[in-house]
Amino acid sequence: MKEQLEKIRQEALDALSKASDTNELDALRVRFLGKKGELTGVLKSMGKLSAEERPVMGQAANNVRAAIEEKLEEAKTALKAKALEAKLEAEAIDVTIPGDPVQLGHRHPMNKALDEAKDLFISMGFRVLDGPEVELADYNFTRLNIAENHPSRDRSDTFYITDDEKVLLRTQTSPMQIRAMDEIKKPPIRILAPGRVYRKDEVDATHSPMFHQIEGLVIDKGVTMADLKGTLETLIKAMYGEDSVIRFRPHHFPFTEPSCEVDVQCFKCRGAGCPTCKGEGWIELLGAGMVHPKVLENCDIDPEIYSGFAFGIGLERMAMRRFKISDMRMIFENDIRFLSQF
Ligand SMILES: [Zn+2]
C-alpha cells in the first residue's frame, strides 16, 4: 500500500506539472482527489489493515493529499500568470505602426492674397485697421462727399439696417478713411483697412452680394499723385511680377480728386487681347485718387496744409488674378477639391 501511495504521488505531481490549462487541472483533481479518485480508492481499502498499520498509512495518505493539493495550487497560479502574460502580449500596442493621418487645413487663397498685401504695406509703414461692417450712412456716404441723391445710396444697391436709412451694411471700405482720420486726427496717416462689404448684386462669375475690399489711405504734407503711383506700382509688381505693365486711367469718384482707375496689362496675352481680358488687353485692378479737399475738411484736416491719396482694391479680384481663379463663386463655396489646390 505504501508503494501504491508513492506511485499516486509521483503520477499526480508529474501530470500536474505538465498540465497546460485549468480544465486539465480540474480533471486531474477529480482523477486523484475526487470521490472516486485514486487516492480515495486507497483510503477505502485501509479497512483491511491492522490497527497498528492504519494510522501510519493514514498519515502517509494525508501527506500525499497535501502534496497534491499544494502542487495543484502552484500549477493553477502558474497557469493564471501565463494566461495574463499571453493576454497582455496579444493586446500590446505597437507604437511603431503609423497612426491614422490627420487632415490639416491651410489658409484660404483670399487670406493668402490679403496677407501678402498686408506684409507689403506694413513694410511701407502702414498700420492695419479693422472697422465695423454695420456702418452709419454718414460715414459710408455723406462725409465721403457722396451727394444725397447719388445712385449708390439707392435701396436697390444698398442693404439698409434701419428704415430711416441712417444705418447700413457698408458698401465699401472707404468709411474707414473717415474713421482713421477721426481716430488719428493729426497726420501723418498711413493705414490699410481690409474687410467685408455688401451690395445688392446678383451672384455670378464676377459678382457676389458680399465681397472684400482693401482700403488704403495716406495723408501728410506734400503727398502727390506720384506717391500714389509709386505705392500702387510697388503693390502690383509684388503681386503680379516685376515685369507687370500698369496703366492709370482718369475716372470719377466723389471722394477723390483727381481720381483714376488702375489697370494691369493682361498677363496672358500681354496686351494683344484674349478671353481673360475680354479682348481689352488690360485688366481693371482698383480705383484710387487724391483725397478730395471736402473729405479732409469733413474730418477737420486743413486741405491747405495736408494732402493725401486713397485707394480701394477688390480682394477677390486680386486673389483671382494672383491664383488664376476664373470664377468668384469658387472662392466662397469652400469646395475642398478647389481649396486644397492652394
Ligand atoms: Zn488678355
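The values are calculated or read from the model by the stated rules, or taken from the named source; none is laboratory data. Predicted model, so just to flag it, every value in this text is computed and none were measured. Glycine also receives a Cβ, built like all others from the backbone with ideal geometry; neighbour counts cover every protein chain displayed.
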Look through R196, R179, R170 and report the one residue that is of a type outside the set (A, V, I, L, M) and touching a His at 6+ places or on another chain (Cβ under 8 Å). R196
Top-ranked residue of the stretch 295-332 - restricted to ones that are charged (D, E, K, R) and in contact with a Leu (Cβ under 9 Å, 6 or more places away or on another chain), ranked as farthest from I236 (Cα to Cα): D302
In the stretch 238-264, anything within 37 Å of the chain's Cα centre (by Cα), surrounded by 20 or more Cβ atoms within 10 Å (Cβ to Cβ) and not acidic (D, E) is listed as V262, V264
Lone qualifier among E304, E297, E280 - being within 16 Å of the ligand (Cβ to nearest atom) and among the acidic types (D, E): E280
Every residue from the stretch 215-261 that is more than 13 Å from A310 (Cα to Cα), part of a helix (DSSP H, G or I) and aliphatic (A, V, I, L, M): L235, I236, A238, M239
Which condition does R270 not pass, out of (1) among the basic types (K, R); (2) buried (at least 18 other Cβ atoms within 10 Å of the Cβ); (3) within 13 Å of the ligand (Cβ to nearest atom), if it passes all the others? (2)
Return a yes/no flag: does the stretch 201-209 have any residue that is in contact with a strand residue (DSSP E or B) (Cβ under 9 Å, 6 or more places away or on another chain), at pLDDT 90 or above and surrounded by 15 or more Cβ atoms within 10 Å (Cβ to Cβ). no
Unmet requirement for N140, which otherwise passes all of (1) over 24 Å from the mean Cα position of the chain (by Cα); (2) within 28 Å of A238 (Cα to Cα): (2)
Filter the helices (runs of 4 or more DSSP H) completely within the stretch 262-340 down to those with at least 2 residues that are touching a residue at least 40 places away in the same chain (Cβ under 8 Å). 293-298, 315-322, 328-333
